[in-house]
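This report concerns only the one structure given below.
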Amino acid sequence: MGELPLDINIQEPRWDQSTFLGRARHFFTVTDPRNLLLSGAQLEASRNIVQNYRSGVVTPGLTEDQLWRAKYVYDSAFHPDTGEKVVLIGRMSAQVPMNMTITGCMLTFYRQTPTVVFWQWVNQSFNAIVNYSNRSGDAPITVGQLGTAYVSATTGAVATALGLKSLTKHLPPLVGRFVPFAAVAAANCINIPLMRQRELQVGIPVTNEEGQRLGHSVSAAKQGIFQVVISRICMAIPAMAIPPVIMDTLEKKDFLKRRPWLGAPLQVGLVGFCLVFATPLCCALFPQKSSIHVSRLEPELRAQICEQNPSIEVVYYNKGL
């Protein structure tokens, strides 16, 4: 076999991102929980392979499949804009195991106020880490801004959960089981914009089709954050809507009445099964490399782009996850 050619475009995913199926295949790889088991040495080796290839240096004996595997290992642990290693629980490969545990507990312990507060706090703390780790762009955010965003988002989520819980006291038990989902959906609308507020202040990088940076846009940031909020809410629907119905039925059966200790692990398992599919499929609702028409950009940036590149009608940006 000859040396691997240098014309493989590893700047983009392996599969066609203009189709939902291509994006789904991409995100099934990105969210694969097995990536969490990789050692630091394996991550560094993959980063070296990718960076060397981008620099025109091919690792001896490297195959195309190995190159793509290295790219996805690299992408699973390093931020696409800053190049920094993402904290373990902030990686998209941690979404299924972390959300499986947290969501399962929220759905199990929804009756008592202290447990509602605790698990909503845990969930929003985890979401804050994920939202910051998978933000778009490379603009820094201060510790003060991060702390304010975290406190605001977490307080909003807990208040929403408690408010909804109080409204469902006199409704059927099944309705109460959906309080965690309503709280999570509302909290996503608070948490994500707050944790990514820096993008709404200074904008995110927009590029041409070749990846050349053209400027920063707040309009692109707003569109990207909106898409992420929709994806996250849709991601929660199967995991937080299907298990409550199943558990409400099972808890009326003698099997679970005699073994109440099975309730929590069974619920966590059901949530995990839903998330294995919901996480990548809902991430795939919108392209990671999203686009926005030049006419929808800020007047100053639009004028700058039209002056330097009058033929450009669409620009691209990383929407985050």
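The values are calculated or read from the model by the stated rules, or taken from the named source; none is laboratory data. For clarity, every value in this text was computed on a predicted model and none was experimentally measured. All Cβ positions, even for glycine, are placed from backbone atoms using ideal geometry, and neighbour counts span all protein chains on display. The accessibility values were calculated without ligands, DNA or RNA, using every heavy atom of the protein model including side chains. Shrake-Rupley method; radii C 1.70, N 1.55, O 1.52, S 1.80 Å.
Between VAL314 and LEU37, how many nm apart are label points set 7 Å from Cα along the C-beta direction?
For VAL314 paired with LEU37, the spin-label model returns 4.0 nm.
Averaged over all directions, how much area does the convex hull of the C-alpha atoms of region 224-275 cover when projected, in nm²?
3.7
Express the C-alpha Rg of region 10-153 as a ratio against the empirical globular expectation 2.2 N^0.38 Å, rounded to two decimals.
That works out to 1.24 for region 10-153.
How much solvent-accessible surface does TYR317 expose, in Å² to the nearest 10, with a 1.4 Å probe and all protein chains in place?
Rounded to the nearest 10, the figure is 10 Å².
Between ASP248 and LEU285, what FRET efficiency follows from the Cβ-Cβ distance if R0 is 35 Å, with the result rounded to 0.05?
The value I calculate is 0.75.
Pairs to check: LYS85/LYS222; LYS71/LYS289; LYS165/LYS253. Give those whose C-alpha atoms are more than 19 Å from each other in this structure.
In this structure, LYS85/LYS222; LYS165/LYS253 exceed 19 Å between Cα atoms.
With a 10 Å cut-off between alpha carbons and a GNM built on the chain, which of CYS105, CYS306, CYS274 moves the most?
CYS306
Report relative contact order for region 266-321 in percent, whole number only (criteria: Cα-Cα under 8 Å, sequence separation at least 6).
41
Remind me, relative contact order of the chain in percent, using alpha carbon pairs under 8 angstrom and six or more residues apart?
RCO, the chain: 20 percent.
Going through the DSSP H helices of the chain, which span 18 Å or more along their own axis at the Cα atoms while scoring at least 0.0 as a mean Kyte-Doolittle hydropathy?
For the chain, where a helix must reach 18 Å along its axis and average at least 0.0, the hits are 95-108, 113-133, 143-167, 179-195, 218-250, 263-283.
Dimensions of the chain along principal axes (Cα, Å, largest first)?
If we take the Cα atoms of the chain, the spans are 65, 52, 35 Å.
If you look at just the Cα atoms of region 50-115, how large are its Rg and its Dmax in Å?
Cα-based Rg and Dmax for region 50-115 come out at 18.7, 60 Å.
Calculate for the chain the 222 nm mean residue ellipticity that helices alone would give, adding -39,500 (n - 2.57) per DSSP H run of length 4 or more and normalising by residue count, nearest 500 deg cm²/dmol.
-20000 deg cm²/dmol
Regarding region 200-321, what is the average projected area of its C-alpha convex hull, in nm²?
9.3
May I ask you to give the percent of accessible area on region 25-131 that is carbon plus sulfur, with a probe radius of 1.4 Å?
Carbon-and-sulfur percentage of accessible area, whole number: 59.
Round to the nearest 10 and report in Å² the accessible area of SER295, as given by a 1.4 Å probe over the protein chains' heavy atoms.
Probe radius 1.4 Å; accessible area of SER295 about 70 Å².
Modelling each spin label as a point 7 Å along the Cα-to-Cβ direction, I'd like the GLU307/GLN212 distance in nm, to one decimal.
1.7
If you average the sequence gap of Cα pairs under 8 Å that are 6 or more apart and divide by the length of region 211-321, what percent do you get for the contact order?
It rounds to 41 percent for region 211-321.
Roughly speaking, what is the centre-to-centre gap between region 305-321 and region 35-79 when only Cα atoms are used, to the nearest Å?
Taking the Cα centre of region 35-79 as reference, the centre of region 305-321 is 29 Å away.
For region 83-169, state the semi-axes of the equivalent ellipsoid (square roots of 5 times the eigenvalues of the alpha-carbon gyration tensor), sorted largest first and rounded to whole angstrom.
27, 17, 8
What are the radius of gyration and Dmax of region 279-321, computed over its Cα atoms and given in Å?
13.2, 41
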